[in-house]
1. Under a Cβ-Cβ cut-off of 14 Å, what is the net charge of the residues other than residue 134 that fall near it, where Lys and Arg count +1 and Asp and Glu count -1?
2. Taking R0 as 22 Å, what FRET efficiency do you get between residue 94 and residue 116 from their Cβ-Cβ distance, rounded to the nearest 0.05?
3. Rank the residues 112, 42, 103, 15 as a footprinting-exposure proxy: fewest other Cβ atoms within 10 Å of their Cβ go first.
4. What does the charge dipole of the range 21-108 about its Cα centre add up to, to the nearest 20 debye, if the Cβ of each Lys and Arg holds +1 and the Cβ of each Asp and Glu holds -1?
5. Which shape class, rounded, prolate or oblate, goes with the range 2-144 when its Cα gyration tensor gives a ≥ b ≥ c as root eigenvalues, a/c under 1.5 marks rounded, and past that a/b bigger than b/c marks prolate?
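Just so it is clear, none of the values below were taken in a lab; they were calculated from the coordinates. Given the structure is predicted, the values throughout are model-derived calculations rather than measurements. Counting neighbours? That spans all protein chains shown, and the Cβs are built from the backbone with ideal geometry, glycine included.
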Amino acid sequence: AEKKRRRKASKMEKTFVMIKPDGVQRRLMPEIIRRFEEKRFTLKGMKMMSVERDLAEKHYEELSGEHVFGRLVDYIVSSGPVVAMIWEGENVVETVREMIGHTRPSDCEYATIRGEFGIDKIRNVIHGSYSLEIANKEIALWFPEGPLVWDKKINNHWHKFD
Ligand code: GDP
């Protein structure tokens, strides 16, 4: 049984999710968290924070050559706080991307977060890591203080009631 449990645990992965300033201002935080909880993903770290320019630039480094880079960084830095989260689960990276939907809200399926709540490309409510490799990088970038709760042994017997 011990072996079986370990094999199962190794399929677990973590992803980084950020509720963007428009999502926080529009009070979408509970709606977003509810969706991931109902999918039985596990919230492993969460903080509300304003974003320093340096962090925003590092986060969007890949887009630094694009024309949108400046506006995007300005938006994240100056529009209000974000909520940074770590979610864990099987195949969580890809599934969260699917639940979020396409970058441009008008291209999204209605049932996705951006499809339902996104306004435009900048105010598209939420960010989720693109791949497992990027997720690991983003978790390290946004949670440099190290593990908050996710590696601590806790008594989680209440999961039996799932
Ligand atoms: P995502 O992974 O779906 O968020 O998309 P990308 O990584 O390609 O882009 C990152 C973010 O940049 C998006 O979520 C948008 O907020 C923003 N963005 C992407 N393309 C554009 C664009 O053409 N114009 C503007 N203003 N913002 C964009």
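1. -2
2. It comes out at approximately 0.65.
3. By the 10 Å Cβ count, ascending: 103, 42, 112, 15.
4. In debye, rounded to 20, the range 21-108 gives about 380.
5. Verdict is prolate for the range 2-144.
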